[in-house]
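The values are calculated or read from the model by the stated rules, or taken from the named source; none is laboratory data. These numbers were taken from a predicted model, which means no experiment stands behind them. Please note: Cβ atoms are built from the backbone with ideal geometry, for glycine as well, and neighbour counts cover all protein chains shown. Just the protein is used for accessible areas: all its heavy atoms, side chains included, with ligands, DNA and RNA removed. Shrake-Rupley method; radii C 1.70, N 1.55, O 1.52, S 1.80 Å.
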Amino acid sequence: MSKTERTYIMVKPDGVQRGLVGAIIARFEQRGFKLIALKLVQATTEHLELHYADLKGKPFFPGLIKYMASGPVVAMVWEGLDAVKTGRVMLGATNPLASAPGTIRGDYALAVGRNICHGSDAVDSAEKEIKLWFPEGLTQYSHSQENWIFE
Ligand code: IDP
Ligand code: MG
């Protein structure tokens, strides 16, 4: 766990279509995380198959890839203390019906196959996902609120 831990967060096509991009960004900003990268991308099937390589073979895999390619996604990198685990807590459980109210999925979604937002599940998968979605690299800047967010 470090102040500069990074996680890959992605608003899925349903989150974009439902106008939830701003609400999701606001939650990470307000929590104190630093925005490191952000872009709107129409991902290819090949790219999504790499992103979800661990799930290849699951019965829902073809539907998942089709869903994720059905419109643009918003790809983001957020940095801060325990960003990966905290990002997952903010997202809620994979199945929105099991996600606590107050979480992103628990507030905005109902179906596991339309759960509006992705978040890395471990530091090593975050590193892989950040490289996959941002091969161009990330922007460096200092965050003026840092001394108010951390001791
Ligand atoms: P996660 O997104 O919470 O990490 P994963 O198990 O990595 O969950 O699954 C990736 C995505 O695949 C989920 O967010 C969800 O959109 C989809 N998914 C997972 N399980 C199912 C299922 O049983 N039916 C349909 N889609 C599923
Ligand atoms: Mg996952």
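Give me the dipole magnitude in Debye, nearest 20, for segment 74-126 about the Cα centre, with unit charges on the beta carbon: positive for Lys and Arg, negative for Asp and Glu.
Dipole size: approximately 220 debye.
Tell me which of Thr44, Ala111, Thr86 sits at the most positive position along the dipole axis of the chain, charges placed on C-beta atoms (Lys, Arg +1; Asp, Glu -1). Positive-end residue among those listed: Ala111. Magnitude of the charge dipole for the chain, about its Cα centre and with charges confined to Cβ atoms of Lys, Arg (+1) and Asp, Glu (-1), is about 420 debye.
A cut-off under 13 angstrom between Cβ atoms defines the neighbours of Ala111, and their net charge, with Lys, Arg +1 and Asp, Glu -1, is +3. 3J(HN,Hα) couplings calculated from phi for segment 113-121 with the Karplus curve 6.51 cos²θ - 1.76 cosθ + 1.60 (θ = phi - 60°) are, in sequence order, x, 9, 9, 6, 8, 10, x, 4, 9 Hz; Gly and Pro show x. Between Arg114 and Arg31, the FRET efficiency estimated from the beta carbon spacing at R0 = 30 angstrom works out to 0.80. Taking every C-alpha pair closer than 8 Å and separated by at least 6 residues, the mean separation divided by the residue count of the chain gives a relative contact order of 34 percent.
How charged is the neighbourhood of Pro96? Take every other residue with its Cβ under 15 Å from the Cβ of Pro96, and add Lys/Arg as +1 and Asp/Glu as -1. Neighbourhood net charge equals +3.
Normalised by 2.2 N^0.38 Å, where N is the number of residues, the alpha-carbon radius of gyration of the chain equals 1.01.
Gly71: net charge of surrounding residues, Cβ under 13 Å, Lys/Arg +1, Asp/Glu -1, itself excluded?
With Lys, Arg at +1 and Asp, Glu at -1, the net is +3.
Taking only Cα atoms, what is the 0 to 90° angle, nearest 10, from helix 21-31's long axis to the longest principal axis of the chain? That helix lies at roughly 40 degrees to the long axis. Accessible area of Leu40 (1.4 Å probe, protein heavy atoms only, ligands and nucleic acids ignored): about 120 Å². Of the GluC sites (Glu not before Pro) in segment 113-143, the ones in a loop by DSSP (not H, G, I, E or B) with at most 12 other beta carbons within 10 Å are Glu136.
Looking at segment 29-129, which chymotrypsin sites (Phe, Trp or Tyr not before Pro) are DSSP coil and have at most 13 other C-beta atoms within 10 Å of their C-beta?
Counting only loop positions with at most 13 other Cβ atoms within 10 Å, the chymotrypsin sites (Phe, Trp or Tyr not before Pro) in segment 29-129 are Phe60.
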